Ligand SMILES: Cc1ncc(C[n+]2csc(CCOP(=O)(O)OP(=O)(O)O)c2C)c(N)n1
Ligand SMILES: [Mg+2]
(Lines give C-alpha, C1' and ligand atoms only; values in the text may rest on other atoms or scores of the structure.)
(Ligands and ions follow the chains in the order given, each with its own letter.)
Protein backbone atom coordinates (compact mmCIF):
# COMPACT_ATOMS: atom_id res chain seq x y z
CA UNK A 1 0.00 0.00 0.00
CA UNK A 2 1.19 3.51 -0.83
CA UNK A 3 2.16 5.88 1.98
CA UNK A 4 -0.27 8.75 2.17
CA UNK A 5 0.28 12.22 3.58
CA UNK A 6 -3.05 12.99 5.13
CA UNK A 7 -4.21 16.60 5.29
CA UNK A 8 -5.92 17.11 8.63
CA UNK A 9 -8.28 19.94 9.35
CA UNK A 10 -7.52 22.52 12.01
CA UNK A 11 -10.97 23.26 13.29
CA UNK A 12 -11.00 20.83 16.18
CA UNK A 13 -13.63 22.94 17.93
CA UNK A 14 -16.07 21.95 15.20
CA UNK A 15 -16.16 18.37 16.41
CA UNK A 16 -19.48 16.61 16.61
CA UNK A 17 -20.35 13.05 17.37
CA UNK A 18 -23.52 13.16 15.29
CA UNK A 19 -21.88 12.20 12.02
CA UNK A 20 -23.13 15.33 10.27
CA UNK A 21 -21.34 17.92 8.18
CA UNK A 22 -20.41 20.90 10.33
CA UNK A 23 -20.89 24.58 9.52
CA UNK A 24 -20.22 24.06 5.82
CA UNK A 25 -16.67 22.86 6.57
CA UNK A 26 -17.08 19.64 4.60
CA UNK A 27 -15.72 17.86 7.68
CA UNK A 28 -17.22 14.66 8.89
CA UNK A 29 -16.89 12.83 12.18
CA UNK A 30 -15.96 9.23 11.57
CA UNK A 31 -14.65 6.71 14.11
CA UNK A 32 -12.93 9.26 16.34
CA UNK A 33 -10.91 10.81 13.48
CA UNK A 34 -11.50 13.75 11.20
CA UNK A 35 -11.76 13.18 7.52
CA UNK A 36 -12.25 15.65 4.71
CA UNK A 37 -12.79 13.01 2.07
CA UNK A 38 -10.06 10.90 0.45
CA UNK A 39 -6.57 11.88 1.65
CA UNK A 40 -4.08 13.75 -0.51
CA UNK A 41 -1.51 11.58 -2.26
CA UNK A 42 2.03 12.94 -2.41
CA UNK A 43 2.85 14.08 -5.95
CA UNK A 44 -0.75 13.81 -7.10
CA UNK A 45 -1.87 16.02 -9.99
CA UNK A 46 -5.05 16.87 -8.17
CA UNK A 47 -5.73 18.05 -4.67
CA UNK A 48 -8.59 16.85 -2.61
CA UNK A 49 -9.98 20.16 -1.44
CA UNK A 50 -12.91 19.41 0.84
CA UNK A 51 -15.15 21.36 -1.51
CA UNK A 52 -14.04 19.83 -4.85
CA UNK A 53 -12.80 16.30 -4.56
CA UNK A 54 -12.12 15.43 -8.17
CA UNK A 55 -10.61 18.64 -9.52
CA UNK A 56 -7.29 18.33 -11.34
CA UNK A 57 -4.65 21.03 -11.34
CA UNK A 58 -4.15 22.72 -14.66
CA UNK A 59 -1.64 25.28 -15.93
CA UNK A 60 -4.16 26.54 -18.47
CA UNK A 61 -6.23 29.48 -17.23
CA UNK A 62 -9.65 28.79 -18.65
CA UNK A 63 -12.92 30.37 -17.71
CA UNK A 64 -15.58 27.78 -18.42
CA UNK A 65 -18.18 29.35 -20.63
CA UNK A 66 -21.49 27.50 -20.66
CA UNK A 67 -22.22 28.88 -24.13
CA UNK A 68 -19.39 26.68 -25.44
CA UNK A 69 -21.11 23.53 -24.18
CA UNK A 70 -23.65 21.70 -26.30
CA UNK A 71 -27.20 21.94 -24.99
CA UNK A 72 -28.35 18.78 -23.23
CA UNK A 73 -30.09 16.59 -25.82
CA UNK A 74 -33.82 15.84 -25.67
CA UNK A 75 -34.82 12.20 -25.36
CA UNK A 76 -37.67 10.99 -27.52
CA UNK A 77 -39.03 7.73 -28.87
CA UNK A 78 -41.83 8.92 -31.12
CA UNK A 79 -41.68 11.80 -33.60
CA UNK A 80 -44.36 14.37 -34.37
CA UNK A 81 -45.95 12.00 -36.92
CA UNK A 82 -46.41 9.30 -34.31
CA UNK A 83 -43.57 7.25 -35.80
CA UNK A 84 -41.20 5.39 -33.49
CA UNK A 85 -37.78 6.90 -34.26
CA UNK A 86 -35.90 3.72 -33.48
CA UNK A 87 -38.13 0.86 -34.60
CA UNK A 88 -36.22 -1.72 -32.60
CA UNK A 89 -37.65 -0.02 -29.55
CA UNK A 90 -41.43 -0.08 -29.85
CA UNK A 91 -42.76 0.82 -26.41
CA UNK A 92 -43.05 -2.53 -24.69
CA UNK A 93 -43.78 -1.55 -21.15
CA UNK A 94 -47.56 -1.23 -21.48
CA UNK A 95 -50.49 -3.11 -22.97
CA UNK A 96 -52.63 -1.69 -25.77
CA UNK A 97 -55.46 -1.21 -23.29
CA UNK A 98 -53.25 0.83 -20.98
CA UNK A 99 -52.14 3.02 -23.89
CA UNK A 100 -55.75 3.65 -24.88
CA UNK A 101 -56.48 4.60 -21.26
CA UNK A 102 -53.67 7.17 -21.31
CA UNK A 103 -55.06 8.56 -24.54
CA UNK A 104 -58.53 8.84 -23.04
CA UNK A 105 -57.12 10.52 -19.94
CA UNK A 106 -55.35 13.09 -22.14
CA UNK A 107 -58.59 13.65 -24.05
CA UNK A 108 -60.46 14.06 -20.76
CA UNK A 109 -58.04 16.76 -19.63
CA UNK A 110 -58.46 18.62 -22.88
CA UNK A 111 -62.28 18.34 -22.94
CA UNK A 112 -62.49 19.34 -19.28
CA UNK A 113 -60.30 22.33 -20.10
CA UNK A 114 -62.55 23.54 -22.91
CA UNK A 115 -65.69 23.20 -20.83
CA UNK A 116 -64.25 24.82 -17.70
CA UNK A 117 -62.63 27.68 -19.62
CA UNK A 118 -66.04 28.50 -21.13
CA UNK A 119 -67.72 28.04 -17.73
CA UNK A 120 -65.46 30.73 -16.31
CA UNK A 121 -66.29 33.04 -19.21
CA UNK A 122 -69.99 32.47 -18.46
CA UNK A 123 -69.40 33.46 -14.83
CA UNK A 124 -70.19 30.00 -13.47
CA UNK A 125 -66.74 29.59 -11.88
CA UNK A 126 -64.25 32.23 -10.83
CA UNK A 127 -61.04 30.84 -12.31
CA UNK A 128 -59.50 27.99 -14.28
CA UNK A 129 -56.14 26.86 -15.66
CA UNK A 130 -55.78 24.91 -18.87
CA UNK A 131 -53.11 22.23 -19.55
CA UNK A 132 -53.22 22.28 -23.37
CA UNK A 133 -49.95 20.97 -24.81
CA UNK A 134 -48.85 19.43 -21.50
CA UNK A 135 -51.22 16.50 -21.19
CA UNK A 136 -48.48 14.08 -22.27
CA UNK A 137 -46.11 15.12 -19.51
CA UNK A 138 -48.73 14.70 -16.81
CA UNK A 139 -50.35 11.46 -17.98
CA UNK A 140 -47.12 9.87 -19.22
CA UNK A 141 -45.19 10.50 -16.02
CA UNK A 142 -48.07 9.47 -13.75
CA UNK A 143 -48.47 6.22 -15.70
CA UNK A 144 -45.12 5.20 -14.20
CA UNK A 145 -46.20 5.93 -10.62
CA UNK A 146 -47.89 3.61 -8.17
CA UNK A 147 -50.88 4.61 -6.06
CA UNK A 148 -48.55 4.84 -3.03
CA UNK A 149 -46.08 7.24 -4.65
CA UNK A 150 -46.53 10.71 -3.23
CA UNK A 151 -47.18 13.65 -5.56
CA UNK A 152 -46.69 17.37 -5.18
CA UNK A 153 -48.21 19.34 -8.04
CA UNK A 154 -48.02 22.95 -9.20
CA UNK A 155 -51.41 23.46 -10.94
CA UNK A 156 -51.09 22.44 -14.58
CA UNK A 157 -51.05 18.71 -13.97
CA UNK A 158 -54.69 17.63 -14.09
CA UNK A 159 -53.46 14.61 -16.10
CA UNK A 160 -51.49 13.34 -13.07
CA UNK A 161 -54.64 13.43 -10.98
CA UNK A 162 -56.78 11.63 -13.57
CA UNK A 163 -54.12 9.00 -14.22
CA UNK A 164 -53.80 8.41 -10.47
CA UNK A 165 -57.54 7.86 -10.19
CA UNK A 166 -58.97 11.26 -9.26
CA UNK A 167 -62.56 11.30 -10.52
CA UNK A 168 -64.26 13.97 -12.59
CA UNK A 169 -66.71 14.33 -9.70
CA UNK A 170 -63.81 15.12 -7.33
CA UNK A 171 -62.50 17.68 -9.81
CA UNK A 172 -65.87 19.36 -10.19
CA UNK A 173 -66.41 19.38 -6.42
CA UNK A 174 -63.13 21.28 -6.02
CA UNK A 175 -63.84 23.63 -8.91
CA UNK A 176 -67.26 24.52 -7.49
CA UNK A 177 -65.99 24.53 -3.88
CA UNK A 178 -68.94 22.44 -2.80
CA UNK A 179 -69.33 20.36 0.35
CA UNK A 180 -67.95 17.23 -1.37
CA UNK A 181 -64.62 18.94 -2.08
CA UNK A 182 -61.70 17.23 -0.32
CA UNK A 183 -60.46 20.70 0.66
CA UNK A 184 -63.87 21.73 2.05
CA UNK A 185 -64.19 24.54 -0.47
CA UNK A 186 -61.41 26.59 1.08
CA UNK A 187 -59.19 26.96 -1.95
CA UNK A 188 -59.66 28.76 -5.22
CA UNK A 189 -60.34 26.52 -8.25
CA UNK A 190 -57.69 24.05 -9.55
CA UNK A 191 -56.09 23.63 -6.11
CA UNK A 192 -56.86 19.94 -5.97
CA UNK A 193 -55.58 17.46 -3.40
CA UNK A 194 -56.32 13.91 -2.36
CA UNK A 195 -55.24 12.03 0.74
CA UNK A 196 -56.63 8.84 -0.83
CA UNK A 197 -54.27 9.20 -3.82
CA UNK A 198 -51.30 10.61 -1.90
CA UNK A 199 -51.48 13.91 -3.76
CA UNK A 200 -50.68 16.89 -1.57
CA UNK A 201 -52.96 19.86 -1.99
CA UNK A 202 -51.77 22.37 -4.56
CA UNK A 203 -50.81 25.77 -3.16
CA UNK A 204 -50.61 29.04 -5.07
CA UNK A 205 -47.31 30.54 -3.88
CA UNK A 206 -44.90 29.28 -6.51
CA UNK A 207 -42.32 26.63 -5.66
CA UNK A 208 -43.36 26.12 -2.04
CA UNK A 209 -44.17 22.50 -2.90
CA UNK A 210 -40.58 21.77 -3.96
CA UNK A 211 -38.84 21.87 -0.55
CA UNK A 212 -41.91 20.27 0.99
CA UNK A 213 -41.50 17.45 -1.52
CA UNK A 214 -37.82 17.00 -0.64
CA UNK A 215 -38.81 16.82 3.02
CA UNK A 216 -41.50 14.26 2.27
CA UNK A 217 -39.01 12.17 0.28
CA UNK A 218 -36.60 12.28 3.22
CA UNK A 219 -39.43 11.10 5.46
CA UNK A 220 -40.16 8.19 3.09
CA UNK A 221 -36.51 7.21 3.23
CA UNK A 222 -36.48 7.36 7.05
CA UNK A 223 -39.70 5.39 7.19
CA UNK A 224 -38.07 2.51 5.33
CA UNK A 225 -34.91 2.69 7.42
CA UNK A 226 -37.04 2.26 10.52
CA UNK A 227 -39.27 -0.39 8.98
CA UNK A 228 -37.82 -2.12 5.88
CA UNK A 229 -41.14 -3.93 5.34
CA UNK A 230 -42.73 -0.71 4.11
CA UNK A 231 -42.87 -0.92 0.28
CA UNK A 232 -40.42 1.46 -1.41
CA UNK A 233 -41.98 4.57 -2.89
CA UNK A 234 -40.93 7.89 -4.26
CA UNK A 235 -42.07 11.49 -4.29
CA UNK A 236 -42.85 12.97 -7.70
CA UNK A 237 -42.64 16.74 -7.56
CA UNK A 238 -43.93 18.83 -10.47
CA UNK A 239 -43.26 22.50 -11.20
CA UNK A 240 -42.84 24.90 -14.08
CA UNK A 241 -39.59 26.37 -15.33
CA UNK A 242 -40.77 29.73 -13.95
CA UNK A 243 -41.08 28.29 -10.45
CA UNK A 244 -37.49 27.08 -10.81
CA UNK A 245 -36.39 30.73 -10.53
CA UNK A 246 -37.51 30.73 -6.89
CA UNK A 247 -34.99 30.18 -4.12
CA UNK A 248 -37.12 27.29 -2.91
CA UNK A 249 -36.22 25.30 -6.03
CA UNK A 250 -32.50 25.58 -5.30
CA UNK A 251 -32.80 24.80 -1.61
CA UNK A 252 -34.98 21.79 -2.41
CA UNK A 253 -32.62 20.30 -4.99
CA UNK A 254 -29.60 20.80 -2.78
CA UNK A 255 -31.14 19.19 0.29
CA UNK A 256 -32.52 16.30 -1.78
CA UNK A 257 -29.05 15.70 -3.24
CA UNK A 258 -27.11 15.96 0.02
CA UNK A 259 -29.63 13.82 1.92
CA UNK A 260 -30.03 11.34 -0.99
CA UNK A 261 -33.80 11.55 -1.08
CA UNK A 262 -35.96 9.29 -3.27
CA UNK A 263 -37.56 12.02 -5.34
CA UNK A 264 -38.13 12.72 -9.01
CA UNK A 265 -38.37 16.41 -9.82
CA UNK A 266 -40.41 16.92 -12.97
CA UNK A 267 -39.96 20.34 -14.46
CA UNK A 268 -42.51 21.23 -17.12
CA UNK A 269 -40.63 23.67 -19.31
CA UNK A 270 -43.45 25.16 -21.39
CA UNK A 271 -41.57 28.27 -22.46
CA UNK A 272 -43.48 30.79 -20.34
CA UNK A 273 -43.99 32.00 -16.80
CA UNK A 274 -47.21 33.92 -17.46
CA UNK A 275 -45.93 36.60 -19.87
CA UNK A 276 -42.21 36.06 -19.31
CA UNK A 277 -40.76 33.91 -22.07
CA UNK A 278 -38.11 31.43 -20.93
CA UNK A 279 -35.48 33.30 -22.94
CA UNK A 280 -35.91 36.16 -20.45
CA UNK A 281 -36.09 33.88 -17.43
CA UNK A 282 -32.63 32.35 -17.51
CA UNK A 283 -29.32 32.35 -19.34
CA UNK A 284 -28.28 28.74 -18.87
CA UNK A 285 -29.27 25.58 -20.72
CA UNK A 286 -32.84 25.30 -19.45
CA UNK A 287 -33.48 23.81 -16.05
CA UNK A 288 -31.64 20.55 -16.76
CA UNK A 289 -28.23 22.21 -16.46
CA UNK A 290 -29.09 23.15 -12.86
CA UNK A 291 -29.58 19.51 -11.90
CA UNK A 292 -25.99 18.84 -12.93
CA UNK A 293 -24.88 21.73 -10.73
CA UNK A 294 -26.47 20.06 -7.73
CA UNK A 295 -24.95 16.67 -8.51
CA UNK A 296 -28.31 15.22 -9.56
CA UNK A 297 -28.83 12.67 -12.37
CA UNK A 298 -30.70 14.64 -14.99
CA UNK A 299 -32.44 14.03 -18.28
CA UNK A 300 -34.26 16.25 -20.76
CA UNK A 301 -37.23 14.67 -22.49
CA UNK A 302 -39.66 15.59 -25.25
CA UNK A 303 -42.85 16.27 -23.32
CA UNK A 304 -45.01 15.82 -26.41
CA UNK A 305 -43.90 12.18 -26.58
CA UNK A 306 -45.88 10.32 -23.95
CA UNK A 307 -43.84 7.14 -24.45
CA UNK A 308 -40.55 8.91 -23.81
CA UNK A 309 -41.94 10.65 -20.73
CA UNK A 310 -43.21 7.36 -19.33
CA UNK A 311 -39.95 5.48 -19.96
CA UNK A 312 -37.94 8.29 -18.41
CA UNK A 313 -40.18 8.30 -15.36
CA UNK A 314 -39.97 4.50 -14.94
CA UNK A 315 -36.18 4.66 -15.09
CA UNK A 316 -36.06 7.72 -12.85
CA UNK A 317 -38.16 5.98 -10.24
CA UNK A 318 -35.93 2.89 -10.36
CA UNK A 319 -32.79 5.01 -9.95
CA UNK A 320 -34.31 7.10 -7.18
CA UNK A 321 -34.86 3.97 -5.09
CA UNK A 322 -31.59 2.16 -5.87
CA UNK A 323 -28.97 1.75 -3.14
CA UNK A 324 -29.21 4.50 -0.57
CA UNK A 325 -31.69 6.47 -2.78
CA UNK A 326 -31.08 9.64 -4.77
CA UNK A 327 -32.96 12.46 -6.46
CA UNK A 328 -33.48 12.71 -10.23
CA UNK A 329 -34.35 15.75 -12.30
CA UNK A 330 -36.46 15.41 -15.44
CA UNK A 331 -36.90 18.45 -17.63
CA UNK A 332 -39.90 17.85 -19.88
CA UNK A 333 -40.04 20.22 -22.84
CA UNK A 334 -43.35 21.52 -24.15
CA UNK A 335 -45.13 24.63 -25.31
CA UNK A 336 -47.88 26.31 -23.29
CA UNK A 337 -50.56 26.39 -25.95
CA UNK A 338 -53.19 27.96 -23.70
CA UNK A 339 -53.32 31.32 -22.03
CA UNK A 340 -51.68 31.14 -18.59
CA UNK A 341 -55.09 31.09 -16.89
CA UNK A 342 -58.56 32.50 -17.37
CA UNK A 343 -57.13 35.79 -16.02
CA UNK A 344 -54.61 36.06 -18.86
CA UNK A 345 -54.71 37.04 -22.52
CA UNK A 346 -51.48 35.68 -23.93
CA UNK A 347 -51.93 37.40 -27.29
CA UNK A 348 -50.91 40.58 -25.49
CA UNK A 349 -47.34 39.21 -25.34
CA UNK A 350 -47.03 36.52 -28.03
CA UNK A 351 -48.16 36.17 -31.60
CA UNK A 352 -51.32 34.19 -32.23
CA UNK A 353 -49.59 32.75 -35.30
CA UNK A 354 -46.87 31.23 -33.11
CA UNK A 355 -49.48 29.49 -30.97
CA UNK A 356 -51.42 28.24 -34.00
CA UNK A 357 -48.17 26.93 -35.47
CA UNK A 358 -47.44 24.89 -32.32
CA UNK A 359 -50.98 23.57 -32.20
CA UNK A 360 -50.72 22.44 -35.81
CA UNK A 361 -47.15 21.18 -35.77
CA UNK A 362 -46.96 19.16 -32.59
CA UNK A 363 -49.25 18.05 -29.85
CA UNK A 364 -49.01 15.15 -27.39
CA UNK A 365 -52.59 14.03 -28.05
CA UNK A 366 -52.44 13.94 -31.85
CA UNK A 367 -49.00 12.34 -31.70
CA UNK A 368 -50.30 9.37 -29.71
CA UNK A 369 -53.45 9.24 -31.82
CA UNK A 370 -51.34 8.91 -34.98
CA UNK A 371 -49.34 6.09 -33.38
CA UNK A 372 -52.52 4.28 -32.29
CA UNK A 373 -54.03 4.63 -35.76
CA UNK A 374 -50.93 3.15 -37.36
CA UNK A 375 -51.21 0.22 -34.93
CA UNK A 376 -54.89 -0.26 -35.79
CA UNK A 377 -55.88 0.56 -32.21
CA UNK A 378 -57.84 3.70 -33.05
CA UNK A 379 -59.92 5.26 -35.81
CA UNK A 380 -62.27 8.16 -36.50
CA UNK A 381 -65.32 6.30 -35.14
CA UNK A 382 -63.57 5.47 -31.87
CA UNK A 383 -62.41 9.07 -31.60
CA UNK A 384 -65.94 10.42 -32.04
CA UNK A 385 -67.34 7.90 -29.58
CA UNK A 386 -64.69 8.62 -26.94
CA UNK A 387 -65.07 12.38 -27.25
CA UNK A 388 -68.86 12.21 -27.01
CA UNK A 389 -68.79 9.93 -23.99
CA UNK A 390 -66.13 11.98 -22.11
CA UNK A 391 -68.02 15.18 -22.84
CA UNK A 392 -71.22 13.64 -21.52
CA UNK A 393 -69.47 12.50 -18.30
CA UNK A 394 -67.87 15.90 -17.75
CA UNK A 395 -71.13 17.79 -18.33
CA UNK A 396 -73.06 15.42 -16.06
CA UNK A 397 -70.60 15.93 -13.19
CA UNK A 398 -70.47 19.64 -13.94
CA UNK A 399 -74.18 20.19 -13.51
CA UNK A 400 -74.37 17.85 -10.52
CA UNK A 401 -71.49 19.59 -8.69
CA UNK A 402 -72.86 23.04 -9.46
CA UNK A 403 -76.05 22.15 -7.57
CA UNK A 404 -74.38 20.71 -4.48
CA UNK A 405 -74.39 23.01 -1.47
CA UNK A 406 -71.25 24.76 -0.32
CA UNK A 407 -69.71 23.43 2.91
CA UNK A 408 -71.31 24.41 6.23
CA UNK A 409 -70.12 27.86 7.34
CA UNK A 410 -68.50 26.39 10.42
CA UNK A 411 -65.93 24.64 8.18
CA UNK A 412 -64.22 28.03 7.87
CA UNK A 413 -63.11 27.60 11.46
CA UNK A 414 -62.38 23.89 11.70
CA UNK A 415 -59.05 22.11 11.09
CA UNK A 416 -56.88 25.06 12.13
CA UNK A 417 -56.34 23.65 15.61
CA UNK A 418 -57.57 20.30 16.84
CA UNK A 419 -60.37 22.11 18.64
CA UNK A 420 -61.95 25.45 17.80
CA UNK A 421 -60.21 27.98 20.04
CA UNK A 422 -62.14 30.40 22.32
CA UNK A 423 -61.09 33.28 20.01
CA UNK A 424 -62.53 31.47 16.99
CA UNK A 425 -65.71 30.69 18.95
CA UNK A 426 -66.03 34.42 19.56
CA UNK A 427 -65.60 35.09 15.81
CA UNK A 428 -68.29 32.51 14.98
CA UNK A 429 -70.66 34.32 17.35
CA UNK A 430 -69.87 37.69 15.75
CA UNK A 431 -70.28 36.28 12.24
CA UNK A 432 -73.68 34.89 13.18
CA UNK A 433 -74.80 38.26 14.54
CA UNK A 434 -73.58 39.99 11.38
CA UNK A 435 -75.39 37.60 9.04
CA UNK A 436 -78.59 37.95 11.06
CA UNK A 437 -78.32 41.73 11.05
CA UNK A 438 -77.74 42.02 7.26
CA UNK A 439 -79.57 39.05 5.70
CA UNK A 440 -79.73 40.72 2.26
CA UNK A 441 -75.96 41.14 2.16
CA UNK A 442 -75.20 37.55 3.12
CA UNK A 443 -77.11 34.86 1.26
CA UNK A 444 -76.06 31.83 3.28
CA UNK A 445 -78.72 29.54 1.83
CA UNK A 446 -76.11 28.15 -0.61
CA UNK A 447 -74.22 26.71 2.37
CA UNK A 448 -75.10 23.38 3.94
CA UNK A 449 -77.53 24.11 6.81
CA UNK A 450 -77.62 27.87 6.08
CA UNK A 451 -77.07 29.93 9.22
CA UNK A 452 -77.47 26.79 11.33
CA UNK A 453 -74.28 25.53 9.69
CA UNK A 454 -72.44 27.84 12.09
CA UNK A 455 -73.58 25.87 15.14
C1 LIG B 1 -44.21 33.31 -5.15
C2 LIG B 1 -45.09 33.63 -6.32
N3 LIG B 1 -44.72 34.59 -7.19
C4 LIG B 1 -45.50 34.87 -8.24
C5 LIG B 1 -46.68 34.20 -8.44
C6 LIG B 1 -47.57 34.55 -9.62
N7 LIG B 1 -47.48 33.46 -10.63
C8 LIG B 1 -48.41 32.51 -10.68
S9 LIG B 1 -48.08 31.38 -11.86
C10 LIG B 1 -46.69 32.20 -12.36
C11 LIG B 1 -45.85 31.68 -13.48
C12 LIG B 1 -45.26 30.35 -13.23
O13 LIG B 1 -44.66 29.83 -14.38
P14 LIG B 1 -44.18 28.36 -14.47
O15 LIG B 1 -43.61 27.92 -13.19
O16 LIG B 1 -43.31 28.25 -15.66
O17 LIG B 1 -45.51 27.50 -14.67
P18 LIG B 1 -46.53 27.53 -15.89
O19 LIG B 1 -47.59 28.53 -15.52
O20 LIG B 1 -45.80 27.90 -17.10
O21 LIG B 1 -47.12 26.18 -15.96
C22 LIG B 1 -46.50 33.34 -11.58
C23 LIG B 1 -45.39 34.28 -11.76
C24 LIG B 1 -47.03 33.22 -7.49
N25 LIG B 1 -48.15 32.49 -7.61
N26 LIG B 1 -46.22 32.94 -6.46
MG1 LIG C 1 -43.76 27.72 -17.58
Quiz item: Looking at (1) surrounded by fewer than 19 Cβ atoms within 10 Å (Cβ to Cβ); (2) more than 16 Å from ligand 2 (Cβ to nearest atom); (3) not in a helix (DSSP H, G or I), which is the only condition residue 264 fails?
Solution: (1)
Exercise. Would you tally the residues in the range 276-313 being surrounded by fewer than 21 Cβ atoms within 10 Å (Cβ to Cβ) and within 11 Å of ligand 2 (Cβ to nearest atom)?
Key: 4
Exercise. Evaluate the following for residue 133: is it assigned by TED's automatic domain parsing to the domain that holds residue 198, at positive phi and away from ligand 1 (no atom under 16 Å from the Cβ)?
Key: no
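How about the range 281-390: which helices (runs of 4 or more DSSP H) wholly inside it have at least 3 residues that are more than 24 Å from residue 150 (Cβ to Cβ)?
Details: elements: 288-293, 306-321, 352-361, 364-374.
Answer list for the range 281-390: 288-293, 352-361, 364-374.
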Exercise. For the range 247-258, state whether one or more residues are part of a loop (DSSP other than H, G, I, E, B), in contact with a helix residue (DSSP H, G or I) (Cβ under 8 Å, 6 or more places away or on another chain) and either more than 8 Å from ligand 1 (Cβ to nearest atom) or at pLDDT 95 or above (or both).
Key: no
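Do the conditions hold for residue 156, that is, is it away from ligand 1 (no atom under 16 Å from the Cβ), in the same structural domain as residue 374 (by TED's automatic domain parsing) and either under 21 Å from residue 360 (Cα atoms) or part of a loop (DSSP other than H, G, I, E, B) (or both)?
No: the conditions fail for residue 156.
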Self-check item: Odd one out for residue 244 among (1) outside any strand (DSSP E or B); (2) away from ligand 2 (no atom under 16 Å from the Cβ); (3) at negative phi
Solution: (2)
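If you go through the range 52-67 one residue at a time, do you hit one that is outside any helix (DSSP H, G or I) and either in contact (Cβ under 8 Å) with a residue 40 or more places away in the chain or under 26 Å from the mean Cα position of the chain (by Cα) (or both)? Break it down stepwise before answering.
Going residue by residue through the range 52-67, those that are outside any helix (DSSP H, G or I) are 52-65.
Subsequent filtering for residues that are either in contact (Cβ under 8 Å) with a residue 40 or more places away in the chain or under 26 Å from the mean Cα position of the chain (by Cα) (or both) retains none.
No, that holds for no residue.
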Quiz item: What are the residues in the range 209-236 that are over 24 Å from residue 277 (Cβ atoms) and either outside any helix (DSSP H, G or I) or within 16 Å of ligand 2 (Cβ to nearest atom) (or both), if any?
Solution: 227, 228, 229, 230, 231, 232, 233, 234, 235, 236
Exercise. Could you give me the residue pairs with C-beta distances under 6 Å whose first residue belongs to the range 150-179 and is free of Cβ contacts under 8 Å to residues at least 24 places away in the same chain, whose second residue is outside any helix (DSSP H, G or I) wherever it lies, and which are 6+ apart or on separate chains?
Key: 174/181; 174/192
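The values are calculated or read from the model by the stated rules, or taken from the named source; none is laboratory data. Values in this document were obtained by computation on a predicted structure and should not be read as measured data. Using ideal geometry, Cβ is built from the backbone for each residue, glycine included, and neighbour counts are taken over all protein chains shown.
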